[in-house]
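A.B. asks: Here you go, one structure.
The values are calculated or read from the model by the stated rules, or taken from the named source; none is laboratory data. Being a predicted model, the structure only gives us computed values, none of them experimental. In this analysis, Cβ positions are derived from the backbone assuming ideal geometry, glycine residues included, and neighbour counts consider all displayed protein chains. Heavy atoms of the whole protein, side chains included, go into the accessibility calculation; ligands, DNA and RNA do not. Shrake-Rupley method; radii C 1.70, N 1.55, O 1.52, S 1.80 Å.
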Amino acid sequence: MKRITIAIDGFSSCGKSTMAKRLAKELGYIYVDTGAMYRTVTVFALRNQLIADNQLDINTLIALLPQIEVGFTPDGGVLLGSERVDEEIRSVEVSNWVSKISSIKEVRQKMVDLQRAMGKDKGVVMDGRDIGTVVFPDAELKVFVTADAKVRAQRRYDEWTTKGMQVNFDEVLQNVIDRDYQDQNRTESPLRQATDAVVLDNSYMTRDEQQVWLMKQVEKVCCTPI
Ligand code: DC
């Protein structure tokens, strides 16, 4: 069976990671969560006091980049050096700073080099914002995921309230809208749909329907039924 590169890009809170992980499992492919990589660099910046008084010391971060080792364990854990940071990368503080960190050209260059190395043998599902446009412009299958902003906000709201967090729906919706704007309007590798991407609007799809849709796209590209 032909092994391919699958790039999954799209808006935040569309469930890209969950769908990419499931697809990789079904195909026996590697899964790479590139957002987790930018989050791990953010953990490094916070731990090394490069963020203080609401300011990020960009020059020092760039100077320290060669020391920052980002990786994954075979079971999908996220590593900073030899330490697992799976929980820490999801903290509110990291979420607040990761957009800024991921907009730095030098940080992106380092992450893109690592991502290309991880996908060099194909058989990879990689999700992010610039995978089909910058990291693997020759990927055999590119999926651009979108969903109605209100539906995405409702999913986040439900997830957080189930965990017992006190959140206000309008604030969650505003956060989704702001993140879309930031992702699409930054100077470095803004989020945009690759011209040869297939669009998946999963506003009203179940996870199973989505998986069936994705496998159909894979079969179209690979020609061989999986
Ligand atoms: O997918 P996520 O929410 O974990 O991504 C975290 C941040 O990293 C988000 O601000 C977008 C950014 N990102 C990026 O710039 N490029 C990628 N390939 C993946 C994520």
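A.B. asks: Given 63, 20, which one is open to solvent by less than 60 Å² (accessible area, probe 1.4 Å) and either outside any loop (DSSP other than H, G, I, E, B) or modelled with pLDDT of 95 or more (or both)?
C.D. replies: Of 63, 20, the one residue that is open to solvent by less than 60 Å² (accessible area, probe 1.4 Å) and either outside any loop (DSSP other than H, G, I, E, B) or modelled with pLDDT of 95 or more (or both) is 20.
A.B. asks: Now a separate question. Taking into account only those residues within the stretch 167-185 that are of a type outside the set (D, E, K, R) and open to solvent by 70 Å² or more (accessible area, probe 1.4 Å), which is farthest from residue 11 (Cα to Cα)?
C.D. replies: Residue satisfying both the conditions and the ranking: 168.
To keep it simple, each residue is scored yes or no on (1) modelled with pLDDT of 95 or more; (2) aromatic (Phe, Trp, Tyr); (3) away from the ligand (no atom under 16 Å from the Cβ).
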{"position": "185", "(1), (2), (3)": "no, no, no"}
{"position": "188", "(1), (2), (3)": "no, no, no"}
{"position": "197", "(1), (2), (3)": "yes, no, no"}
{"position": "203", "(1), (2), (3)": "yes, no, yes"}
{"position": "208", "(1), (2), (3)": "yes, no, yes"}
{"position": "216", "(1), (2), (3)": "yes, no, yes"}
{"position": "220", "(1), (2), (3)": "no, no, yes"}
{"position": "224", "(1), (2), (3)": "no, no, yes"}
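A.B. asks: Starting from the stretch 163-187, keep only residues that are more than 21 Å from residue 129 (Cα to Cα), then list their pairs with residues that are away from the ligand (no atom under 14 Å from the Cβ) whose Cβ atoms are within a distance under 7 Å, requiring at least 6 positions of separation or different chains.
C.D. replies: As it stands, the answer is 167/157; 167/160; 167/161; 169/153; 169/157, since those pairs meet every condition given.
A.B. asks: Can you tell me which residue within the stretch 157-166, out of those that are modelled with pLDDT under 90 and either surrounded by 13 or more Cβ atoms within 10 Å (Cβ to Cβ) or among the hydroxyl-bearing types (Ser, Thr, Tyr) (or both), is nearest to residue 14 (Cα to Cα)?
C.D. replies: So the residue we want is 159.
A.B. asks: Residue 117 passes all but one of (1) near the ligand (Cβ under 9 Å from one of its atoms); (2) without any contact (Cβ under 8 Å) to a residue 40 or more places away in the chain; (3) not aromatic (Phe, Trp, Tyr); which number fails?
C.D. replies: Among (1) near the ligand (Cβ under 9 Å from one of its atoms); (2) without any contact (Cβ under 8 Å) to a residue 40 or more places away in the chain; (3) not aromatic (Phe, Trp, Tyr), the lone unmet condition for residue 117 is (1).
A.B. asks: Looking only at the stretch 23-42, which residues are open to solvent by less than 20 Å² (accessible area, probe 1.4 Å) and among the aliphatic types (A, V, I, L, M)?
C.D. replies: Correct list: 23, 24, 27, 32, 36, 37, 41.
A.B. asks: Of the residues that sit in the stretch 43-60 and are surrounded by fewer than 16 Cβ atoms within 10 Å (Cβ to Cβ) and in a strand (DSSP E or B), which one is nearest to the ligand (Cβ to nearest atom)?
C.D. replies: 55
A.B. asks: So which pairs qualify, if the first residue must be in the stretch 14-27 and without any contact (Cβ under 8 Å) to a residue 24 or more places away in the chain, the second must be not charged (D, E, K, R), the Cβ gap must be under 6 Å, and the two must be at least 6 apart or on different chains?
C.D. replies: Cβ pairs passing all conditions: none.
A.B. asks: Another question, if that's okay. How many residues does the stretch 1-37 hold that are of a type in the set (Lys, Arg) and in contact with a Gly (Cβ under 9 Å, 6 or more places away or on another chain)?
C.D. replies: Number of matching residues: 3.
A.B. asks: Tally time: how many residues in the stretch 12-42 are among the aliphatic types (A, V, I, L, M) and away from the ligand (no atom under 12 Å from the Cβ)?
C.D. replies: The qualifying residues number 5.
A.B. asks: Among (1) near the ligand (Cβ under 10 Å from one of its atoms); (2) open to solvent by 60 Å² or more (accessible area, probe 1.4 Å); (3) in contact with a strand residue (DSSP E or B) (Cβ under 6 Å, 6 or more places away or on another chain), where does residue 126 come up short?
C.D. replies: Exception for residue 126: condition (2).
A.B. asks: Among the residues that make up the stretch 138-148, is at least one of them crowded, with 16+ Cβ neighbours inside 10 Å, touching a helix residue (DSSP H, G or I) at 6+ places or on another chain (Cβ under 8 Å) and under 30 Å from residue 53 (Cβ atoms)?
C.D. replies: The answer is no, given that none of the residues of the stretch 138-148 is crowded, with 16+ Cβ neighbours inside 10 Å, touching a helix residue (DSSP H, G or I) at 6+ places or on another chain (Cβ under 8 Å) and under 30 Å from residue 53 (Cβ atoms).
A.B. asks: For the stretch 66-91, which residues satisfy the criterion of being open to solvent by less than 30 Å² (accessible area, probe 1.4 Å) and outside any strand (DSSP E or B)?
C.D. replies: Passing the criteria: 68, 73, 77, 85, 89.
A.B. asks: What is the residue count in the stretch 188-225 for residues that are small (Gly, Ala, Ser) and in contact with a strand residue (DSSP E or B) (Cβ under 7 Å, 6 or more places away or on another chain)?
C.D. replies: Adding up the residues that qualify gives 2.
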